[in-house]
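Quick notes on the structure that follows.
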Amino acid sequence: MRAFTYERPRTDAEAAASAAREPRARFIAGGTNLLDLMKIEVETPSHLIDVNGLDLDRIEPAGDGGLRIGAMVRNADLAAHETVRRDYEVLARALLAGASAQIRNRATTAGNLLQRTRCPYFYDTNQPCNKRVPGSGCSAIGGVTRQLAVIGGSQACIATHPSDMAVAMRVLDAKVETVRPDATRRVIPIADFYRLPGDTPHIETHLDAGELITAVVLPKPLGGKHFYRKVRDRASYAFALVSVAAVVQDDGAGRVALGGVAPQPWRDASAEAQLPDGAARVTDALLAGAAPTPDNAFKLTLARRALGAVLTQART
Amino acid sequence: MENPTDINISRRNLLKAGAASATAFGTPAMSAAQNTAPPQSLKATVTLTVNGNTHELALDLRTSLLDALREHLHMTGTKKGCDHGQCGACTVLLDGKRINSCLTLAVMHDGQQITTIEGLGTPGALHPLQAAFVKHDGYQCGYCTPGQICSAVGMLDEAARGMPSHVTGSLNERPLLSPEEIRERMSGNICRCGAYANILDAIEDVAEGKA
């Protein structure tokens with residue numbers, strides 16, 4: 001691990017200002033992803049800004065009947081929160097499907113949104129990776145791609161976003177609240193939060209330099225039946241090959257987002273409008289334009305079947 | 001809240017940090033123009049409370065909580081397996097909650113309560129889970145065992161607080177610790193000898209109050 005300096009700012013605005021002063025700074029919250037990457041020198045921050053002491057760890061009602069989740073709320077606490085279990089089950093289920101109990105006790109809401117890809121070439125510092133070293137090339141294209149994206153990738157990168165929580169946040173239309181280095185605040189809808197890789201896969205979100213997530217806000221509850229179905233290589237503690245987050249209403253309408261298939265949670269309004277017509281119609285529309293490799297083309301079938309299983313369950 | 005000025009800075013470390021800034025790390029140099037920035041150092045003095053005892057340690061900032069326990073406090077009960085949060089051998093309790101001590105920095109835990117396997121029981125007075133692991137032969141080589149036991153302590157507390165898991169049927173009902181629940185909740189602890197069946201029996205005993 002490379003050496004770094006360290007500070008504990010007193011306020012969120014101070015944290016953002018500090019990050020803007022040092023271009024190679026990183027915020028550290030749970031650290032479960034960042035420290036892992038620092039050990040293998042994929043991440044080499046010169047300065048760590050510890051945001052654990054900031055007063056950002058509360059879950060409280062939001063003005064419009066929604067729920068404001070502090071950036072530092074731990075994944076385990078969020079999944080166990082009474083309101084989340086009752087009104088946003090898709091989120092609780094997604095959180096519980098991710099990582100291990102030890103990691104969920106540390107990992108935070110904001111950190112989960114910002115976790116880096118699990119593409120094996122991103123982790124292998126001996127191989128080119130445009131996300132790790134911009135312009136160095138993509139070893140995944142033409143390499144081992146079973147876990148990687150089938151849609152949304154580019155000639156520069158076909159990595160997937162690894163989060164389960166983010167897929168549920170996308171289906172719930174969560175909003176990300178932030179503070180910028182000049183102390184101004186803004187709200188970014190989750191639909192506009194992530195960037196597709198294009199030719200700059202190292203830039204993964206629309207956050208400005210130094211901008212700090214302070215909370216994630218859920219709109220008022222949607223009702224309906226909530227599902228998070230995750231298909232993976234082990235029964236527990238593995239990243240998704242394909243996951244389906246869905247909220248299905250009694251009339252068969254609803255919302256659906258896919259995880260494990262793209263560089264960001266994958267959702268499309270015109271595709272989910274076809275939910276009453278069955279899974280195949282939805283996934284055909286949602287994954288139209290997919291460019292799978294021979295190694296990961298199975299994800300297209302898997303997505304259709306996983307959604308089909310969800311819709312069958314929704315009818316019972 | 002912890003005060004950032006609690007981080008003790010020696011002049012020597014300050015100079016070292018300055019040299020590093022100028023070369024490899026591109027950190028803002030210490031200067032009058034940077035006087036709003038915190039002092040730059042690569043070391044810190046950290047106060048860790050482990051099993052009720054308070055220790056003051058001067059640590060390289062990079063020191064994981066795991067390495068602070070093993071290499072600086074010489075408490076080697078907590079094991080280093082993968083050092084990447086995948087195996088669970090390093091599991092300790094932080095303010096009563098189980099975490100991977102390899103995936104956190106010691107400096108982040110100034111003033112918090114850490115419980116390791118050494119703090120759960122003694123050879124003459126075993127913790128109920130330690131006794132149950134002995135009774136059920138819940139290990140073979142034993143390397144994962146401290147992590148398994150610390151994890152199980154945290155897991156039983158989570159279940160007692162009604163926290164759900166991935167396999168919990170209804171999220172609005174109190175989960176019961178079935179074997180399926182225990183397996184899922186313990187999935188962050190790997191046993192390469194494959195003693196899982198006996199580990200499960202040991203934990204079930206304590207969960208059911210038999211131990």
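Structural remarks
- 9 Å beta-carbon shell around A:LEU218, net charge (K/R +1, D/E -1): +1
- Entry note: the stretch B:149-211 has Rg to Rh equal to 0.95, where both radii use alpha-carbon atoms and Rh is the Kirkwood radius.
- Rolling a 1.4 Å probe over the protein heavy atoms leaves B:LYS43 with an accessible area of roughly 80 Å².
- Dipole of chain A [Lys/Arg +1, Asp/Glu -1 at C-beta], most positive-end residue of A:SER236, A:GLY30, A:ALA140: A:SER236
- B:THR145 - accessible surface, heavy atoms, 1.4 Å probe, Å² rounded to 10: 20
- FRET efficiency, A:ALA209 to A:ILE40 (Cβ-Cβ, R0 30 Å, nearest 0.05): 0.80
- Nearby lysines by direct alpha-carbon distance to B:LYS135 (threshold 16 angstrom, same-chain neighbours under 8 apart not counted): B:LYS210
- Between the residues A:VAL282, B:ALA207, B:ILE149, the greatest Cα displacement towards the positive end of the dipole of the protein assembly as shown, with unit charges on the Cβ of Lys, Arg, Asp and Glu, is found for A:VAL282.
- Here's how it looks for B:SER64: its modeled amide H is under 5 Å from those of B:ALA106, which are all 5 or more places away or on a different chain.
- The stretch between A:ALA20 and A:SER136 holds 39.1 nm of extra length on full extension. This uses 0.36 nm per residue minus the Cα-Cα distance.
- Whichever lysines have a C-alpha closer than 29 Å to that of A:LYS299, once near sequence neighbours (fewer than 8 apart) are set aside: A:LYS131, A:LYS175, A:LYS225, A:LYS230
- Distance distribution P(r), the stretch B:141-183, all Cα-Cα pairs, bin width 10 angstrom from 0: 28, 48, 20, 5 percent.
- Accessible surface for A:GLU204 stands near 40 Å², nearest 10, in the context of the full protein assembly shown (1.4 Å probe).
- Percent of Cα-Cα distances greater than 22 Å, calculated over the stretch A:203-306: 40
- With all pairs of different C-alpha atoms in the average, the Kirkwood value for the hydrodynamic radius of chain A is 19.8 Å.
- Of all accessible heavy-atom area on the stretch A:188-316, the percent that carbon and sulfur account for (1.4 Å): 51
- Taking 4 °C and 1.567 mPa s as conditions, the stretch A:135-192 diffuses translationally at an estimated 92 µm²/s according to Stokes-Einstein applied to its Kirkwood radius (Cα pairs).
- Chain pair A, B: total accessible area buried, heavy atoms, 1.4 Å probe, Å²: 4400
- With both labels modelled 7 Å from their Cα along Cα-to-Cβ, the B:GLN140 to B:THR76 distance reads 2.3 nm.
- For peptide A:78-90, the mean count of partner chain Cβ atoms within 10 Å of a residue's Cβ comes to 2.
- Ellipticity at 222 nm from helices only: DSSP H runs of n ≥ 4 in chain A, each -39500 (n - 2.57), divided by the residue count, give -7000 deg cm²/dmol.
- Largest-first principal axis extents of the Cα set of the stretch B:44-155 (Å): 43, 27, 23
- Between A:ASP182 and A:ASP268, the contour length at 0.36 nm per residue exceeds the alpha carbon distance by 27.5 nm.
- Size estimate for the protein assembly as shown follows the Kirkwood approach: the inverse of mean 1/r over distinct Cα pairs works out to 24.0 Å.
The values are calculated or read from the model by the stated rules, or taken from the named source; none is laboratory data. Computed from a predicted model, the values in this text were never measured in an experiment. Ideal geometry is used to build each Cβ from the backbone, glycine not excepted, and the neighbour counts take in all protein chains shown. Note: areas computed on protein heavy atoms with side chains; ligands, DNA, RNA excluded. Shrake-Rupley method; radii C 1.70, N 1.55, O 1.52, S 1.80 Å.
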